[in-house]
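Where a number appears in this text, it was derived from the coordinates with a stated rule and is not lab data. Just so we're clear, the structure is a prediction, and the values are computed from it rather than from any experiment. Using ideal geometry, Cβ is built from the backbone for each residue, glycine included, and neighbour counts are taken over all protein chains shown.
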Amino acid sequence: MKAFPPICIFALLMTGCGQQQTQQFAPGIGEVYAGPSKLQIRQDIDTKSAVIATVNHGDRLEVLRRRRRFVKVRTPAKAEGWTDDRNLLSTEELAGLRDLSEQSKSAPSQGAATTYETLNVHTEPDRLSPSFLQVKEGEKVDVIGHRVAPRVAPRPPAPPPPPAAKARTKKSKKEKKASDLPPPPMPVAPRPPADWLELSKLSAPPSATPAVETPAPKQVPMDDWSLVRNASGQSGWVLTRRLFMSIPDEVAQYAEGHRIVSYFKLGETRDGKDVVKPTWLWTTIDRSADQEDFDGIRVFVWSTRRHRYETSYIERNLKGFFPVLVDPVPAPRARKDSPPSTEHVPGFTIIVEKKDGLRYRRSFAFVENRVRLSSEERIDAPGGQAAPEPTPNLIASEKTPSTQDSFYGNLKLRIRRLFGR
């Protein structure tokens, strides 16, 4: 073997040191986090370029360069590549997503739902927001919220273009001399016609100007979004039309084309020795992409005589909002003038908005397969003001005989009016 001289060895060592120095990384200009569950980092902006790295949701990335809506990032493994900025989350957005998951852990469930295909879970109710999670086919999630959002997020208007600079033209000496001369005299005005007095008496019909029809504003397409929570406690937004509430088919068949948005168990009915059927409460909506969460409620009880589900209570044309709670409520009053009862019975509570624009909390008692209104109270007022104290009904307090509120009292009153007594 031929031995290398010491000078060559020294040169090789210096070359290696130079290569190590050139591998030092340039400092980043910012930091972002991966939004999707799996984010592919490509070698170039082109979506067909080679994938050089794959990062998980929440991984920290260093921002190196920006080119329009594409960002060059550096992964924790020091791989550098390009991705779309819509797949990235800022520090504030990642913190907000984690806060949403923490707050949603204690939110009451409005029922379990499933999907028949893989469903993307987004960070915001927007189709272009990052999808950091997926719901597998047949997986069940809890529905805890609802929101209506534009299908395409409105973009800020583009700034007006700057005015074009006027080119400066140098005036020649001849133009300067011509501008110094006085303008020519105005021509003499023509004389009016001889019959101008008669012409002035005739009133010309007003010219009918066609009315310019202003085009109707285009309606922005809206999407229904549901806030869901999976078994591990992660929360996000999914398209409502891709969800199906997991209520039994023997009850869901009575939906009459309405969408079931929440459902709850109120109790059980035993039919024989081995058959136990739950009592169901559901809320539905007929119109899609509305601000309210539901427009109807319905209670189903199992009939031991016909061995099928029948409607115990139904109410439609509501403007209801989540959450719907199934908790014990005060027992309904035996009479209108009786004091409130301290006893609590099974029931449920809903929030509705009436025609006056105010929201009320209505509680219903469920006793012996019957639904009765337990209480109703105002919970807000326009402008975020507190609801005022209810004023006493002076007209109702002037009713002296209490028997007139009963069936026999009303019957006697009608007979007297009929015979004119």
Net charge contributed by nearby residues that have their C-beta within less than 12 Å of Pro125 (K/R +1, D/E -1): -1
³J(HN,Hα) computed for each position of the stretch 104-119 - Karplus, 6.51 cos²θ - 1.76 cosθ + 1.60, integer Hz, glycine/proline x: 6, 5, 9, 6, x, 6, 9, x, 8, 9, 9, 9, 9, 7, 4, 10
Spacing of the two label points (7 Å from each Cα toward its C-beta) at Asn56 and Ala112, in nm: 2.7
Cleavage-rule hits (trypsin sites (Lys or Arg not before Pro)) in the stretch 231-307: DSSP loop, at most 11 neighbouring Cβ within 10 angstrom: Lys273, Arg287, Arg305, Arg306
Extension gain, Arg67 back to Val326 (0.36 nm per residue minus Cα-Cα distance, nm): 87.9 nm
Straight-distance crosslink candidates among aspartates and glutamates, where the alpha carbon sits under 18 Å from Lys273 and sequence neighbours closer than 8 are dropped: none
Amide H within-cut-off set for Thr54, under 5 Å, with H built and near neighbours excluded: Ile41
Amide N of the stretch 118-152 lying under 12 Å from the label point, which is placed 7 angstrom from the Cα of Met222 along Cα→Cβ: 147-151
Net charge of Cβ neighbours under 13 Å - reference Pro248; Lys, Arg +1; Asp, Glu -1: +1
Cut-off under 5 Å, modelled amide H: who pairs with Thr269 long-range: Lys277, Thr279
Rough spin-label spacing in nm, given labels placed 7 Å along Cα→Cβ, for Thr91 and Glu377: 4.3
Val152-Ser200 pseudo-label distance in nm [points 7 Å out on the Cα-to-Cβ vector]: 6.1
Across Lys140/Lys265; Lys48/Lys72; Lys265/Lys319; Lys140/Lys319; Lys265/Lys336; Lys105/Lys140, pairs whose alpha-carbon gap is larger than 20 Å: Lys265/Lys319; Lys140/Lys319; Lys265/Lys336
HN-Hα J in Hz across the stretch 305-310 - Karplus 6.51, -1.76, 1.60, θ = phi - 60°, x for Gly and Pro: 8, 9, 6, 7, 7, 9
Fewest-first sequence of Ile45, Ile351, Ile314 by Cβ atoms within 10 Å of each Cβ: Ile314, Ile45, Ile351
Those trypsin sites (Lys or Arg not before Pro) in the stretch 32-120 that DSSP places in a loop and that have at most 12 other beta carbons within 10 Å: Lys48, Arg68, Arg69, Lys78, Lys105
Quarter of Cα convex hull surface for the stretch 25-89, i.e. mean projection, nm²: 3.8
Fewest-first ranking of Tyr309, Tyr116, using other Cβ atoms within 10 Å as the exposure measure: Tyr116, Tyr309
Positive minus negative residues near Arg308 (Lys, Arg vs Asp, Glu; Cβ under 14 Å): -1
Qualifying GluC sites (Glu not before Pro) for the stretch 28-107 [loop in DSSP, other Cβ within 10 Å: at most 12]: none
Fewest-first sequence of Val299, Val276 by Cβ atoms within 10 Å of each Cβ: Val276, Val299
